[in-house]
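Peer 1: If you scroll down you'll find the structure; I have some questions about it.
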Amino acid sequence: MDAALRATWTFLNSPLGITAVAALALYLLKKARQRYPAWEDWEGTIVEAVKHAEKAIPDDAENKSLRRFDHALAYVLRVYHEANDRMPPAWERRDIEEGIRLKHAELEATGALNSKPGA
């Protein structure tokens, strides 16, 4: 038993063992993150931000898609900051950006964005 533990410990402290443990940890983190993206915590805010951006940026504006995305992102980041008294880390910001893209596409596909005043 003692020899098996020593062999395992020796392997784990080798470059190959460290690489294997790091790869396993990275794999598990990616799997856990895929199951629950961080943007889902902010889904309601994202929907509100997308709808607000659609109304705030006119259809004839130059670069309207990019401006609407930036407007929605700024809105969500402002709410995030107010709720957490800090800005999100880079990985969470990327998740929020992806959430904005996904929710926008979903809202557009369901026709939920066609309720502009005068439309």
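Bear in mind that the values in this text are calculations on the coordinates, not laboratory data. It should be emphasised that the depicted structure is a prediction, and the values quoted were computed from it without experimental measurement. Using ideal geometry, Cβ is built from the backbone for each residue, glycine included, and neighbour counts are taken over all protein chains shown.
Peer 1: To the nearest 20 debye, what charge dipole does the chain have about its Cα centre, counting +1 at the Cβ of each Lys and Arg and -1 at the Cβ of each Asp and Glu?
Peer 2: Details: 17 positive and 18 negative charges, 64 e Å.
Result for the chain is approximately 300 debye, rounded to the nearest 20.
Peer 1: Right, next: Residue farthest toward the positive end of the dipole of the chain, with Cβ of Lys/Arg at +1 and Asp/Glu at -1: which of 27, 13, 91?
Peer 2: 13
Peer 1: Could you give the angle, 0 to 90 degrees to the nearest 10, between helix 2-12's Cα long axis and the longest principal axis of the Cα atoms of the chain?
Peer 2: 40
Peer 1: Which number gives the lysine pairs in the chain that have C-alpha atoms under 16 Å apart and are eight or more places apart or on different chains? Don't skip to the answer; put the middle values down first.
Peer 2: Numbers: 51/64; 51/103; 51/116; 55/64; 55/103; 55/116; 64/116.
Lysine pair count for the chain: 7.
Peer 1: Can you tell me the equivalent ellipsoid semi-axes for segment 5-87? Use √(5λ) from the Cα gyration tensor, largest first, whole Å. Please list the in-between numbers first.
Peer 2: Working: eigenvalues 408, 41, 23 Å².
Calculated on Cα positions only, the semi-axes equal 45, 14, 11 Å.
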